[in-house]
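Undergrad: Dropping a structure here in structure tokens format, bear with me for questions.
Each reported figure results from applying straightforward, stated rules to the coordinates on display, with no laboratory input. Keep in mind that this is a model prediction, so the values were computed, not measured. Positions of Cβ are backbone-derived with ideal geometry, glycine not excepted, and every protein chain shown enters the neighbour counts.
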Amino acid sequence: MGKPQNITLKEAAGLIQDGQQITFGGFTIWRRPMAFVYELIRQGKRNLHLLEVNGGTHSEILIGAGCVSIWESCWSGHELYGKLGEMVADRHVNGGMIVEDYSHGHMVARILAGAYGLPFFPSAQSLGTDLLNPEFDSLGRAGLRDGSHPKIPRKKYEFAPDPFYDRGELLLLPAANPDWAIFYASQVGEEGTVRVNVQTYADSEVIKAADKVIVLAEEIVPESYLRLEPEKNIAAGYAINYLIKLPWAAHPTGSQGFYDVDADFIRTFYRASKSQETFDRWADEWIFDIPDHERYLQKLGIGRLENIRANPVLGYSTRQKRGTR
């Protein structure tokens, strides 16, 4: 037991090795560790195995940059700002990446099993659907379920009868234990206690399931403050390996209570993601031509950042137009 090691963004991204399995905290366009994704791309990471409950803007950028060779999840997109994951679709249709499709519930179950230290999670989800068609076992077709890959189970799933109440057939979903979880937190204590002030999604389980955890913190706060409301804390410091203090690290995704989603930024990216040529131009401007997170924030500008900064009482920005009825 102990507290996490404080390191820089560049040092943290340098810990990720080509070919490793990674996952992320957050949900679609909320609390994604985007600064870390940019740095992975700058460092030229390749053949990453991205396993996640659901994809989002972070997945699309990482995949578009050619960093991912295997993607296991259920969906990718940008919610209101771009319904489809164009980069996932392109790699799936045209090759260059293995896509292993599960349902949303399946992916949560796999992370739960990994968090609980179980080899599998029993479920009845999606029984009778084509999600369980053996022809769609992409990793199996690629010959990667031969036991030589420690993070890839020998089977995509298995069926078993209920041995206790005779309720019929069950689906057994293999546990997921990624090499790394990369997580953005609203607040982290001096000793590493992690707090998320709003919806926690599967964040706690993602932290527990991974072998090692990197947290990007919007704020470092006193542990005594976090102990006043322990029900809002989702992980203790001993569960975190590395900590980076990095304000605005989730941009352009949102951090509830701190800043809204940068809708215009994501819409612009979504348009750029419709072809590799336009994606590459976007990546040159927003990733490769910018050396670090500080220069990224400078390029965005104080006016843009202040426009999405949340009102500390209301928890959201009062400066943005949100539509009318």
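Undergrad: Students often forget the sequence filter, so: which aspartates and glutamates lie under 14 Å Cα-Cα from Lys83 once same-chain residues fewer than 8 apart are removed?
TA: Result set, ordered by chain and number: Glu60.
Undergrad: With a cap of 12 neighbouring Cβ atoms within 10 Å, and only residues DSSP puts in a loop, list the chymotrypsin sites (Phe, Trp or Tyr not before Pro) found in region 114-219.
TA: Answer by residue number: Phe164, Tyr165.
Undergrad: Per residue, how much space in cubic angstrom lies within the convex hull of the C-alpha atoms of region 239-325?
TA: Once divided by residue count, the hull of region 239-325 is 159 Å³.
Undergrad: At 20 °C and a viscosity of 1.002 mPa s, what translational diffusion coefficient does Stokes-Einstein give for the chain, taking Rh as the Kirkwood radius over Cα pairs? Give it in µm²/s as a whole number. Kindly include the intermediate steps, with their values, before the conclusion.
TA: Working: Rh = 20.4 Å.
Estimated via Stokes-Einstein, D reaches 105 µm²/s.
Undergrad: Could you state the principal axis extents of the C-alpha atoms in region 75-122, from the largest down, to the nearest angstrom?
TA: 35, 27, 14
Undergrad: Going by how many other beta carbons lie within 10 Å of each one, how would you line up Met97, Met107, fewest first? All intermediate terms of the calculation are to be shown ahead of the outcome.
TA: Details: Met97 19, Met107 23.
Taking fewest neighbouring Cβ atoms as first place, the list is Met97, Met107.
Undergrad: Would you mind working out the magnitude of the charge dipole of region 133-246 relative to its Cα centre, with +1 at each Lys and Arg C-beta and -1 at each Asp and Glu C-beta, to the nearest 20 Debye? Mind showing how you got there, number by number?
TA: Numbers: 13 positive and 18 negative charges, 62 e Å.
The calculation lands at about 300 debye.
Undergrad: Compute the length gained on full extension between Lys3 and Asp166: take 0.36 nm times their separation in residues and subtract their Cα-Cα distance, giving the result in nm to one decimal. Write down the numbers at each step before the final one.
TA: Values: separation 163, 0.36 × 163 = 58.68 nm, distance 4.65 nm.
Taking Lys3 through Asp166 to full extension adds about 54.0 nm, to one decimal.
Undergrad: Can I ask one more? What is the mean projected area of the alpha carbon convex hull for region 139-249, to one decimal in square nanometres?
TA: On the way: hull surface 41.3 nm².
Its average projected convex-hull area is 10.3 nm².
Undergrad: Give the order of Ser76, Ser204 when sorted by the count of other beta carbons within 10 angstrom, beginning with the fewest.
TA: So the residues, fewest neighbours to most, are Ser204, Ser76.
Undergrad: Using a Gaussian network model of the chain with C-alpha springs under 10 Å, which one of Pro153, Pro230, Pro178 is most mobile by mean-square fluctuation?
TA: Ranking Pro153, Pro230, Pro178 by mean-square fluctuation puts Pro230 first.
Undergrad: Rounded to whole Å and sorted largest first, what semi-axes of the equivalent ellipsoid does the C-alpha gyration tensor of region 1-77 yield via the square root of 5 times each eigenvalue? All intermediate terms of the calculation are to be shown ahead of the outcome.
TA: On the way: eigenvalues 79, 47, 29 Å².
Ellipsoid semi-axes (Å, largest first): 20, 15, 12.
Undergrad: Taking the Cα centre of region 112-245 as the origin and placing charges on Cβ (Lys, Arg +1; Asp, Glu -1), which of Ser186, Pro119, Val206 is farthest toward the positive end of the dipole?
TA: Pro119
Undergrad: Please list the radius of gyration and Dmax for region 107-199, considering alpha-carbon atoms only, with Å as the unit.
TA: 17.0, 50
Undergrad: Roughly how big is region 212-253's charge dipole about its Cα centre, with Cβ charges of +1 (Lys, Arg) and -1 (Asp, Glu), in debye to the nearest 20? The partial results should precede the final answer.
TA: Details: 4 positive and 5 negative charges, 34 e Å.
Its charge dipole is roughly 160 debye.
Undergrad: Let me ask something additional. Calculate the dipole size of region 1-83 relative to its Cα centre from +1 charges on Lys and Arg beta carbons and -1 charges on Asp and Glu beta carbons; express the result in debye to the nearest 20. Please report the intermediate quantities before stating the final value.
TA: Values: 8 positive and 7 negative charges, 39 e Å.
With Lys and Arg at +1 and Asp and Glu at -1, about 180 debye.
Undergrad: Additional query: Please find, in a Gaussian network model of the chain (springs between Cα atoms separated by less than 10 Å), the residue of Ile22, Ile290, Ile70 whose mean-square fluctuation is greatest.
TA: Ile290
Undergrad: Kindly write out, for region 238-249 in residue order, the coupling ³J(HN,Hα) from the Karplus curve 6.51 cos²θ - 1.76 cosθ + 1.60 (θ = phi - 60°), rounded to whole Hz, with x marking Gly and Pro.
TA: 5, 8, 10, 8, 9, 10, 10, 7, 8, x, 6, 5
Undergrad: Related question: 5 Å is the cut-off here: which amide hydrogens, built 1.01 Å from N in the peptide plane, fall below it relative to Glu158, excluding neighbours closer than 5 in sequence?
TA: Placed amide hydrogens put Leu172 under 5 Å from Glu158.
Undergrad: I would also like to ask the following. How far apart, in nanometres, would the label points at Lys245 and Thr268 be if each is projected 7 angstrom from Cα along the Cα-to-Cβ direction?
TA: The two pseudo-label positions are separated by 3.0 nm.
Undergrad: Could you work out how much longer the chain between Arg227 and Asn311 gets when fully extended? Use 0.36 nm per residue separation minus the Cα distance between them, nm to one decimal.
TA: 27.8 nm
Undergrad: Have a look at region 58-169 and give its Rg and Dmax from the Cα atoms, expressed in angstrom.
TA: 15.7, 49
Undergrad: For the chain, set up a Gaussian network in which alpha carbons nearer than 10 Å are linked by springs, and say which option among Leu132, Leu112, Leu246 fluctuates the most.
TA: Leu132
Undergrad: Then there's this: Would you please name the trypsin sites (Lys or Arg not before Pro) within region 226-315 that are DSSP coil residues with at most 16 other C-beta atoms within 10 Å of their C-beta? If you can, show how the numbers build up before the last one.
TA: On the way: sites: Arg227, Lys232, Lys245, Arg267, Arg271, Lys274, Arg281, Arg295, Lys299, Arg304, Arg309; in loops: Arg227, Lys274.
Listed in order of number, the matching sites are Arg227, Lys274.
Undergrad: Another question, if that's okay. Going by amide H atoms built from the backbone, whose H comes under 5 Å of the H on Glu190, apart from near neighbours?
TA: It is Val221, Glu223, by chain and number.
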